[in-house]
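Colleague: Let me give you the structure first, and then I'll get to my questions.
The values are calculated or read from the model by the stated rules, or taken from the named source; none is laboratory data. In this text, all values refer to a predicted model and were calculated from it rather than measured experimentally. Note that each Cβ is placed from the backbone with ideal geometry, even for glycine, and that neighbours are counted across all protein chains shown. The accessibility values were calculated without ligands, DNA or RNA, using every heavy atom of the protein model including side chains. Shrake-Rupley method; radii C 1.70, N 1.55, O 1.52, S 1.80 Å.
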2 protein chains.
Amino acid sequence: MRKIALILTLVLVFSLTLSAVTFAQDEIRIGVTIPSADHGWTGGVVYWAQQAIKDWEAKTDNITFFLETADSPATQVSVVEDLMIKEIDALVILAHDSAPLTPVVKQASEEGIYVVSVDRGLTEPVADIYVAGDNPGLGRVSGEWMAKELNGEGDIVVLEGIPCVINTQRVEAFEKVMEQYPGITIMDSQPANWSTQKGLEIMENYLQKYDKIDAVWAQDDDVLKGVLQAYEESGRDDIKFFLGGAGSKDIVKMVMEGSDLVRADVTYPPSMIATGISMAVKAMQGETLDGFYQNELPSEVILRAELITEENAENYYFPDSVF
Amino acid sequence: MRKIALILTLVLVFSLTLSAVTFAQDEIRIGVTIPSADHGWTGGVVYWAQQAIKDWEAKTDNITFFLETADSPATQVSVVEDLMIKEIDALVILAHDSAPLTPVVKQASEEGIYVVSVDRGLTEPVADIYVAGDNPGLGRVSGEWMAKELNGEGDIVVLEGIPCVINTQRVEAFEKVMEQYPGITIMDSQPANWSTQKGLEIMENYLQKYDKIDAVWAQDDDVLKGVLQAYEESGRDDIKFFLGGAGSKDIVKMVMEGSDLVRADVTYPPSMIATGISMAVKAMQGETLDGFYQNELPSEVILRAELITEENAENYYFPDSVF
């Protein structure tokens, strides 16, 4: 028993030493700035920023977080200036708009602040690490799932996002998959601007134009809501299934509950801001990633567009989030 | 003491349970294929592939690795076919050449094999995850360090790599940094093809052409060796410092030992293959990365071009590696 007591004493001493080390750590100050929003994808960003801060506060003693939302690019520039006055060590930013935010973030970087840029990149390489979603991946995973679900046969319609690089990357990757399935025809592809109302209007138009539609790719869950409303109001029953995108809780819930019309979703996760916050914490703690043969964190991480189906939907369902 | 004995018993039971779980795991088969080489950067790739396999074999009981080098694209195609016959679950590939390898890797992917592509991408998006070095980052970090070391003043010469996308990314990022320093002039920039011999020749030429050179960016440690030889043979002493790139052990050793002429290096790490192998293991174990708010691994990771100086060089010095 003496041996055991000795071991326990050693464990105790070791634990106390660890605690002492923890308390001796320098204070780390991390600023987080994101667009303000109370609904939709950016609402999810606010939720996940709060969530990550809660998680890290529970796990660490020496980190002070400053979370600031901004309702315009100009406001966000001021926010970054304020955060610099607060002497932050690291800045995590989901930029309202790339161009107007780049100069102030560059200034922060030149002052030695570690910069994590999330989702919307900056126009100069001033970030230490860039964390983003996978837009071609979203199109590809969506296309592959739909083609499989259609057994390679069918007439589909597409509702695109706002015409921009992100939308082009998604749509081109989707079309590239469909080129491999000669039995599938994309009858129409129009911009619905990631808007529920516009989704409703475009879908009403498609339903008038085409007597038979086998499946719909809405690319976005907000658009999908408008699309589903138009389909319901039409009274038709020819469409086999619909696919949105991003992973909103309402749509994930439908998938989880075994909806016949909405059987899958593909992530473009607002939780990317939470991953970005983790990267800032790890950089400040001098950590690299587990399994990486590097001394520092990567400079760029593209998060996977993950396929959500009935089998795994509960892992993607966050009832407390607004999105 | 009874309480302690109970706790220890519980710990023991828990440990035994864990062991049982470990033994009950399915066998995982991971194939790794890389270009064969006994020197230079690809020699480092061979070393790091072996190293990562050793590390994971020490940490796990249920993974069988197959490491196959290939001396040509055609051989590597056969290697991948052989690995498929060996019923691998995951394939980690540093492709000899992108185009000839893409069809067979696509076939592997279609058979359900998880594909990790390292460094040289494939021409179609058939990899589940892409792990690569940061070429613009290498140019940028090199430029920033040199500009600082020159206090923004000086005449420099550049030795480029083989004219190709990678070289262009590095050189453009380097030049972009230098544009911010009007006191620095890039007098010349010629391709040295990442070759020691060509580095020697170009540098001899530069030394004849320019009476005064303040610093040299060789972009690559193999080239730097030729450059240093030419400089030594010239008997001149005007050049303040030289910067290579990639992080070979000979050059890192010079940095570590406080060389006056070679004070830094920038990584383009052959250990990226080891990180790629870790990603395959983690994917097979159903793990994500620590601190990531995702259910799966990222789809793309760009590893940082890390700055090596006398202060941190020992973390980058691997005497057992051939590179």
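Colleague: Which ones in segment A:134-159 are among the charged types (D, E, K, R) and either buried (at least 23 other Cβ atoms within 10 Å of the Cβ) or within 11 Å of chain B (Cβ to nearest Cβ) (or both)?
Modeller: If the condition is that a residue be among the charged types (D, E, K, R) and either buried (at least 23 other Cβ atoms within 10 Å of the Cβ) or within 11 Å of chain B (Cβ to nearest Cβ) (or both), then A:D134, A:R140, A:E144 are the ones that fit.
Colleague: Can I ask one more? Inspect all residues belonging to segment A:243-262 and state whether any of them is assigned to a helix (DSSP H, G or I) and over 24 Å from the mean Cα position of the chain (by Cα).
Modeller: no
Colleague: Can you work out which of the residues in segment A:232-242 that are out of contact with any helix residue (DSSP H, G or I) (no Cβ under 7 Å at 6 or more places or on another chain) and in a helix (DSSP H, G or I) is nearest to the other protein chains (Cβ to nearest Cβ)?
Modeller: Looking at the filtered set, the residue picked out is A:E232.
Colleague: Answer yes if at least one residue in segment B:184-199 is within 14 Å of chain A (Cβ to nearest Cβ), buried (at least 22 other Cβ atoms within 10 Å of the Cβ) and not basic (K, R), and no otherwise.
Modeller: no
Colleague: Run B:L303 past the list (1) open to solvent by 10 Å² or more (accessible area, probe 1.4 Å); (2) closer than 28 Å to B:K148 by Cα and report the number of the one that doesn't hold.
Modeller: Against the list (1) open to solvent by 10 Å² or more (accessible area, probe 1.4 Å); (2) closer than 28 Å to B:K148 by Cα, B:L303 comes up short only on (1).
Colleague: Here's a follow-up. Does any residue of segment B:28-50 turn out to be modelled with pLDDT of 85 or more, more than 30 Å from B:V322 (Cα to Cα) and more than 14 Å from chain A (Cβ to nearest Cβ)?
Modeller: No: segment B:28-50 contains no residue that is modelled with pLDDT of 85 or more, more than 30 Å from B:V322 (Cα to Cα) and more than 14 Å from chain A (Cβ to nearest Cβ).
Colleague: Among the candidates B:V105, B:V131, B:V141, single out the residue that is over 30 Å from B:I186 (Cα atoms) and part of a helix (DSSP H, G or I).
Modeller: B:V105 is the lone residue from the list that is over 30 Å from B:I186 (Cα atoms) and part of a helix (DSSP H, G or I).
Colleague: For segment B:168-183, how many residues are open to solvent by 20 Å² or more (accessible area, probe 1.4 Å) and either of a type in the set (V, I, T) or over 27 Å from A:T123 (Cβ atoms) (or both)?
Modeller: Number of matching residues: 1.
Colleague: Which one of these does A:M203 not meet: (1) among the hydrophobic types (A, V, I, L, M, F, W, C); (2) touching a Leu at 6+ places or on another chain (Cβ under 8 Å); (3) closer than 22 Å to A:E306 by Cα?
Modeller: (3)
Colleague: Taking interchain pairs and intrachain pairs at least six residues apart, which have beta carbon atoms under 8 angstrom, with the first residue in segment B:46-64 and in a helix (DSSP H, G or I) and the second open to solvent by 20 Å² or more (accessible area, probe 1.4 Å) and among the polar types (S, T, N, Q)?
Modeller: Close Cβ pairs (under 8 Å, with a partner that is open to solvent by 20 Å² or more (accessible area, probe 1.4 Å) and among the polar types (S, T, N, Q)) amount to B:V46/B:S36; B:V46/B:T69.
Colleague: Quick one: which of B:Q285, B:Q229 is out of contact with any helix residue (DSSP H, G or I) (no Cβ under 6 Å at 6 or more places or on another chain), farther than 20 Å from A:M279 by Cβ and not aliphatic (A, V, I, L, M)?
Modeller: Step by step, each of B:Q285, B:Q229 is checked, and only B:Q285 is out of contact with any helix residue (DSSP H, G or I) (no Cβ under 6 Å at 6 or more places or on another chain), farther than 20 Å from A:M279 by Cβ and not aliphatic (A, V, I, L, M).
Colleague: Please go through segment B:271-300 and pick out each residue that is more than 7 Å from chain A (Cβ to nearest Cβ) and open to solvent by 10 Å² or more (accessible area, probe 1.4 Å).
Modeller: The answer is B:A283, B:M284, B:Q285, B:G286, B:E287, B:T288.
Colleague: Farther than 23 Å from B:N193 by Cα and more than 7 Å from chain A (Cβ to nearest Cβ): does that describe B:A246?
Modeller: No; evaluated as a whole, the condition is false for this residue.
Colleague: Which residue out of A:V165, A:V126, A:V118, A:V131 is within 13 Å of chain B (Cβ to nearest Cβ) and open to solvent by 10 Å² or more (accessible area, probe 1.4 Å)?
Modeller: A:V126
Colleague: Consider B:V252 against the criteria (1) closer than 21 Å to A:E287 by Cα; (2) within 14 Å of chain A (Cβ to nearest Cβ): it satisfies all of them except one. Which criterion is unmet?
Modeller: Every listed condition holds for B:V252 apart from (1).
Colleague: Among the numbered conditions (1) hydroxyl-bearing (S, T, Y); (2) in contact with a Ser or Thr (Cβ under 8 Å, 6 or more places away or on another chain); (3) outside any loop (DSSP other than H, G, I, E, B), tell me where B:S78 comes up short.
Modeller: Every listed condition holds for B:S78 apart from (2).
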